[in-house]
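J.: First, the structure itself, so that you have it in front of you.
The values are calculated or read from the model by the stated rules, or taken from the named source; none is laboratory data. In this text the structure is predicted, and so the values were computed from the model without any measurement. Here Cβ is always computed from backbone atoms with ideal geometry, including for glycine, and neighbour counts include all displayed protein chains.
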Amino acid sequence: MISTAYAKIPNPSVMTSEANAKDPLIPTIIYNNLKPFAARRGREILAFIDQNAVAQKAFASTTARWIRDAVNASGRPPAEIVADLNKVLGGDASKDAERVHQSLQSVINALDALNIPRGQRADLFDVKLREKVADAASGRTTASVPATIIALWWNDRAAVQASRVRTENGRAVQVGIRPEHLRPCDPSRAFFSGQVEMVEQLGADMLIHIAHGKDMVIARLPHGEAPAVGSTMALDADPARVFLFDAGTGARVH
């Protein structure tokens, strides 16, 4: 039983019970009682969740995620939002994949809501945090999908290569980039590189067919000096133009 006084004083201690987490109604009741305090006492609420193992794990996909998203949407600075992710990734991420997944997704949701251009989001991640995100992207848990989306903000080559086919909750996920959004780049920053197999001149544009493993990548570039057939070409893309799709239905994941 949750006291009516709970609505007046945000006391998330009821999140220390795994039985409460399994109840079909209690996680929603807790969230509805905490949400009005998201703006004024959000840091206090999140600090409690971050310090309590049961609240972190048992409520990871319900109250903990919902209230974190509410606090982030209440005007929290982007750097503070990303700092929370750094705390979560600081431990052994493989032991709590669900919490890592939800923390990564919360960052995506928050920065989307703030309309921060994807190309600028990379500045919020230092080198060490980028490495942690890349590690999560290369793993085989549900956290790999949101981690890959974030790693694409700074054109992480390994994340793109590893994400050609991912699985999220049992469904295959593929990276999709339109031919006109690919661009030549230095090999050290490339999403793809391979041998030029064919060049099609289309007047104002040209299509470059590049062999990449067993696949053929096609880049649509403005008319100009064409690369020689047989030469090696490296390509990247604006992170804002890179998306994930459900491989079965074709529906966009992000």
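J.: Looking only at region 151-165, how many residues end up being modelled with pLDDT under 70 and buried (at least 24 other Cβ atoms within 10 Å of the Cβ)?
T.: 1
J.: Only one of (1) closer than 20 Å to LYS132 by Cβ; (2) buried (at least 16 other Cβ atoms within 10 Å of the Cβ) fails for VAL71. Which number is that?
T.: All conditions are met except number (1).
J.: Going through region 59-87 one residue at a time, which ones are among the small types (Gly, Ala, Ser) and either outside any helix (DSSP H, G or I) or touching a residue at least 24 places away in the same chain (Cβ under 8 Å) (or both)?
T.: Within region 59-87, ALA60, SER61, ALA64, ALA70, ALA73, SER74, GLY75, ALA79 qualify.
J.: Let me ask you something else. Name the one entry in ALA137, ALA143 that is in contact with an Asp or Glu (Cβ under 9 Å, 6 or more places away or on another chain), buried (at least 16 other Cβ atoms within 10 Å of the Cβ) and either assigned by TED's automatic domain parsing to the domain that holds SER193 or under 27 Å from LYS35 (Cα atoms) (or both).
T.: Just a single option satisfies the conditions, and that option is ALA143.
J.: Here's a follow-up. Considering region 128-150 alone, what residues qualify as being out of contact with any helix residue (DSSP H, G or I) (no Cβ under 7 Å at 6 or more places or on another chain) and either within 17 Å of GLU80 (Cα to Cα) or aromatic (Phe, Trp, Tyr) (or both)?
T.: Passing the criteria: only LYS128.
J.: Identify, by number, the condition in (1) modelled with pLDDT of 80 or more; (2) within 30 Å of ALA73 (Cα to Cα); (3) in a loop (DSSP other than H, G, I, E, B) that GLY203 doesn't meet.
T.: Answer for GLY203: the failing condition is (2).
J.: Another one. Tell me which residues, restricted to region 133-153, are under 19 Å from ASN109 (Cβ atoms), of a type outside the set (Gly, Ala, Ser) and outside any loop (DSSP other than H, G, I, E, B).
T.: VAL133, VAL145, PRO146, THR148, ILE149, ILE150, LEU152, TRP153
J.: What are the residue pairs meeting all of these: first residue in region 114-137, first residue aromatic (Phe, Trp, Tyr), second residue part of a helix (DSSP H, G or I) and buried (at least 18 other Cβ atoms within 10 Å of the Cβ), Cβ atoms under 8 Å, and 6 or more apart or on different chains?
T.: PHE125/VAL82; PHE125/VAL133; PHE125/ILE150; PHE125/TRP153; PHE125/TRP154
J.: Would it be correct to say that PHE59 is hydrophobic (A, V, I, L, M, F, W, C) and either modelled with pLDDT of 90 or more or surrounded by fewer than 17 Cβ atoms within 10 Å (Cβ to Cβ) (or both)?
T.: Spelling it out, it is not the case that PHE59 is hydrophobic (A, V, I, L, M, F, W, C) and either modelled with pLDDT of 90 or more or surrounded by fewer than 17 Cβ atoms within 10 Å (Cβ to Cβ) (or both).
J.: Working only within region 40-58, note down all residues that are among the hydrophobic types (A, V, I, L, M, F, W, C) and without any contact (Cβ under 8 Å) to a residue 24 or more places away in the chain.
T.: Within region 40-58, ALA47, ALA53 qualify.
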